[in-house]
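The structure appears right after this line, and notes come after that.
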Amino acid sequence: MNENENLLIVEGLEQSFGGIMALAGVSFQTPTGLIYAIIGPNGAGKTTLFNDLCGFYKPSAGSIRFNGHELCNLPPHRIAALGMARTFQNLQLFFNMTVIENVMVGCHLRARTGLLAAALRLPQVRREEQRLREWAREALELCDLADWAEQSAGTLPYGLMKRVEIARALAARPRLLLLDEPAAGLNDTETLALRELIARIRASGVTVLLVEHHMPLVMSISDRLLVLDYGSVLAEGTPAEIQADPRVIAAYLGGAVQYAV
Amino acid sequence: MRLAGFYAFAAIVVLLPTLFPTNYFVTVVGASAGLHIILAVGLNLLMGYAGQISLGHAAFFGMGAYASAILTTRFGWPSLLALAAGLLITGTIAWLLARPILRLRGHYLAMATLGFGIIVHVMMVQATQWTGGPDGLAGIPPLNLLGWSVDGDLHWYGVIMAAMLLIVWLSLNLVDSQVGRALRAVHGSEFAAQMMGIDIGRAKTRVFAISALFAAFAGSLFAHQQAFVSPDSFNLTVSVELVTMVVLGGMASTFGAACGAIALTLLHQGLVVFEDYEMLVHGILLMAVMIFLPQGLFVGLDQGTRRLWAAFGPTRLR
Amino acid sequence: MLEQLFQFLVTGITVGSLYALVGLGFALIYNASDVVNFAQGEFVMLGAMTAIALLGMGLPLPLAAIVATLVAILVGLLLERFAIEPARGASVVTTIIITIGAAIFLRGVALLLWGKGFHTLPPFSGDAPIHLGGATVLPQSLWVLGVTVLLVGLVHAFFNRTLLGKALLACSFNRVAAQLVGINVRVMLRLAYGLSAGLGAIAGILIAPITFSSYEAGVMLGLKGFSAAIVGGIGNPMGAVAGGVLLGLLEALSAGLISSGYKDAIAFLFVLTVLFFEPTGLFGHKAAERV
């Protein structure tokens, strides 16, 4: 279990809600620099796992090590500061802001503006505003959103809103990006573009943790997969191994389904 | 031009008394509007930008006023020192209160801020040996700015408007910075804001303390200007009126809050003759604005003209 | 000393019963529409003032009380129709301000109709105090207590025993689902507003003989009722009742033992303390938000 090779190491993670075990001892390691997908039927515990990872829930037991730090009992903003960013299954955009402002909030961890300096609009604040705007623009360009920068986030079509969430998460320059069902609600063209975007993100050196139901996307892009079922790990391996695993086929993929890649 | 609106506003504020130096509506009502603008702009940072309701903001206004009144009349402190002490006391109380109170949401937060306002008001009425009780404290000396004793309507207009412009400028700067965006992010989605690395407890605490400080500042000026304070100036009705100013002009807009403050100040003046109808009109106004123009008068008009401009203006955007 | 304490308890339970009724009104409206109705105290004032006015016009007391309650119910329905319904789906802050506006408006109307003076109702059955183990109890206190117990019992039975009550509860849990199973949500909303206006008015009529009433009388009663509902965990009707009685007792005891001037401050200090430790009240649901 080498922490240099694995950015995220989860061991024996348990999460219970009033007696219901949403996660019953989940362990896995996410290799640095790869795309690691988590699949499983609805209610398998995927989103719960994400919420444990980024500190919204306090795990009942187990440990989460991220980049050499123990995450359990850290509040979300501290975890974010360690280099984790995420998108949300139910959009959590700041609808009261423009697209670029959303992404500039994403740069928050890279900003140094103090309260007093901001109120007095000192020269360094002006310079930092410029810098934040540039960083945000870079993230928007990576996600092909530069044309929409000054639009109000609430007026965008759904597919673009999901993209803004990705741009906003990337603006923080994270080591690990958690994508919670990024393809849900997208059409085929948008899904293809998403696949390309995720590949670009990995190429830029960011490790990606992906929860997704869209099997063609998952199988074509992931380096490794974790299959969850009823809060436990059913299988773990490469896409080819998972597709050949009889337990997975029986429990989840439902028989002889072929996936065009 | 980021501050174009601000300079235009400042120009009007300076121009009015030069044109009408003896007009009651300019110097007296204007000064009163100036204090209300300070209060509304501060409350708007909390309500409009950070999305946290406060139904007890008059308490902070009163703390600043009573701190100045008590320290100058009973202890003979110089007025500027008393003002600073008032800010320090109010800021500390707000800071300590902010964490537990802003953990609450929605109606629970409304209840807690309302309760806090009532507790402070009861103390003003009951702690007679300090506050003078229901009759209040009279004989507050004039504000002394490094040897210059502020006296007369026109001078007060100048001092209050200078203070008001300072507060508006600070607020505009804050809102248009990463600090302001973090606040709006907390309002937009607390989950996402946390994932961006924003410590929402800290963000809320700071904005609560800032808006309390602005209110205390206005309170100190008010105490010296009136030379008299009594609990009636800081009761629940005043808290509700402050909220009215913010929503009347339009939340999440500094100039909106300023417009709301001016509108309500003028409305009070206009209704003085029909005193019995004031409540009725106030109530109808609140309901009507919230039902038909929930984004407020100023913001509603602003957006409307922008839309018209985009449709019929000389150069269409995009 | 013990007798005094008993006296405070009697006063506390009487006042607490009123808070309970007003708090119950808050809970009913909150359940049906997610709105905290800051005009709830004004229903109390309207009930009392209308009854007083009708009595002055020569109506017998029971009839005046019934008509006053009906008037308040009508006002509650009008409020729902013209202030709440047009702003459906608005944010918490917006609805709070709308109902505050409604409260100020109703106070303004009362001011125009009845002026600033204080008015009172004669006690329902005389004012000869009843001696009960060293404490004196006004017959009106017994009226307050009796009617409150009756009304709380009826509301409880309404929610648990009748189909209509269960339909109203269903709306509070999930409005869309309630609509899908054929519940007329609009009617349920009006029912809730009418019911809580009626409860408020009855509370006002019951208390009018003990305290004086004026156009402003509803403000503090409304706030105390809101406190009761919050302490009990908003949206929990029986929690509001418990919160009301608790608040009344605390207030009477602190007025008697500490200082009557500070009783309101102590009551709200108690509410704040409860909220700091239990941010959703003593008996409230701790709902988890989904991400």
### Query
Among the listed residues C:G233, C:G204, C:G243, which satisfies the condition of being within 13 Å of the chain's Cα centre (by Cα) and over 24 Å from C:S125 (Cα atoms)?
C:G243
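Looking at B:G91, is it surrounded by 17 or more Cβ atoms within 10 Å (Cβ to Cβ), farther than 18 Å from B:V41 by Cα and touching a Leu at 6+ places or on another chain (Cβ under 9 Å)?
no
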### Matching residues, region B:188-197, being touching a helix residue (DSSP H, G or I) at 6+ places or on another chain (Cβ under 7 Å) and either surrounded by fewer than 22 Cβ atoms within 10 Å (Cβ to Cβ) or not in a helix (DSSP H, G or I) (or both)
B:E190, B:M196, B:G197
### Summary
Wholly inside region C:1-82, helices (runs of 4 or more DSSP H) that include 3 or more residues that are without any contact (Cβ under 8 Å) to a residue 40 or more places away in the chain and not β-branched (V, I, T) are C:61-79
### Message
Can you find, within region A:74-96, the residue that is nearest to the other protein chains (Cβ to nearest Cβ) among those that are polar (S, T, N, Q) and either outside any loop (DSSP other than H, G, I, E, B) or closer than 20 Å to A:P182 by Cα (or both)?
### Response
A:Q92
### Task
Please indicate, with yes or no, whether at least one residue in region B:5-20 is out of contact with any helix residue (DSSP H, G or I) (no Cβ under 6 Å at 6 or more places or on another chain), of a type outside the set (A, V, I, L, M) and over 20 Å from B:W169 (Cα atoms).
yes
### Message
If I ask for residues that are more than 13 Å from chain C (Cβ to nearest Cβ) and either in contact with a Cys (Cβ under 6 Å, 6 or more places away or on another chain) or of a type in the set (A, V, I, L, M, F, W, C) (or both), which ones from region B:103-158 would you list?
### Response
B:W130, B:L137, B:A138, B:I140, B:L143, B:L145, B:L146, B:W148, B:V150, B:L154, B:W156
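To keep it simple, each residue is scored yes or no on (1) farther than 24 Å from C:G89 by Cα; (2) more than 10 Å from every other protein chain (Cβ to nearest Cβ).
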| site | (1), (2) |
| --- | --- |
| B:V229 | yes, yes |
| B:V238 | yes, yes |
| B:M245 | no, yes |
| B:H268 | yes, yes |
| B:F274 | yes, yes |
| B:V281 | yes, no |
| B:L286 | no, no |
### Query
Among helices (runs of 4 or more DSSP H) lying entirely in region C:90-198, which contain 1 or more residues that are surrounded by fewer than 17 Cβ atoms within 10 Å (Cβ to Cβ), modelled with pLDDT of 90 or more and touching a helix residue (DSSP H, G or I) at 6+ places or on another chain (Cβ under 7 Å)?
C:92-114, C:139-161
### Query
Does A:V211 qualify as being surrounded by 18 or more Cβ atoms within 10 Å (Cβ to Cβ) and either within 18 Å of the chain's Cα centre (by Cα) or in contact (Cβ under 8 Å) with a residue 40 or more places away in the chain (or both)?
yes
### Query
Across region A:108-128, which residue is surrounded by the most Cβ atoms within 10 Å (Cβ to Cβ) among those that are facing chain B (nearest Cβ under 8 Å) and outside any loop (DSSP other than H, G, I, E, B)?
A:H108
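Could you list, in sequence order, the residues of region B:159-215 that are basic (K, R) and either facing another protein chain (nearest Cβ under 7 Å) or under 25 Å from B:I37 (Cα atoms) (or both)?
B:R181, B:R184, B:K204, B:R206, listed by residue number.
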### Task
Count, please, the residues in region B:105-120 that happen to be more than 21 Å from C:V36 (Cα to Cα) and touching a Phe, Trp or Tyr at 6+ places or on another chain (Cβ under 6 Å).
1
#### Entry: Within region A:33-52, tally of residues that are within 14 Å of chain B (Cβ to nearest Cβ) and either in contact with a Phe, Trp or Tyr (Cβ under 8 Å, 6 or more places away or on another chain) or at positive phi (or both)
1
#### Entry: Cβ-Cβ under 6 Å pairs, at least 6 apart or on other chains, region A:99-127 side at positive phi, far side buried (at least 19 other Cβ atoms within 10 Å of the Cβ) and of a type outside the set (F, W, Y)
A:R121/B:N173
## Note on the structure
Being more than 14 Å from chain B (Cβ to nearest Cβ) and more than 20 Å from the chain's Cα centre (by Cα) narrows C:G89, C:G165, C:G115, C:G134 down to just C:G134
### Query
Which of the residues spanning region C:161-213 are free of Cβ contacts under 8 Å to residues at least 24 places away in the same chain and touching a Cys at 6+ places or on another chain (Cβ under 8 Å)?
C:A178, C:I183, C:V185
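The values are calculated or read from the model by the stated rules, or taken from the named source; none is laboratory data. The structure presented is a predicted model; accordingly, all values stated were derived computationally and were not measured. In this analysis, Cβ positions are derived from the backbone assuming ideal geometry, glycine residues included, and neighbour counts consider all displayed protein chains.
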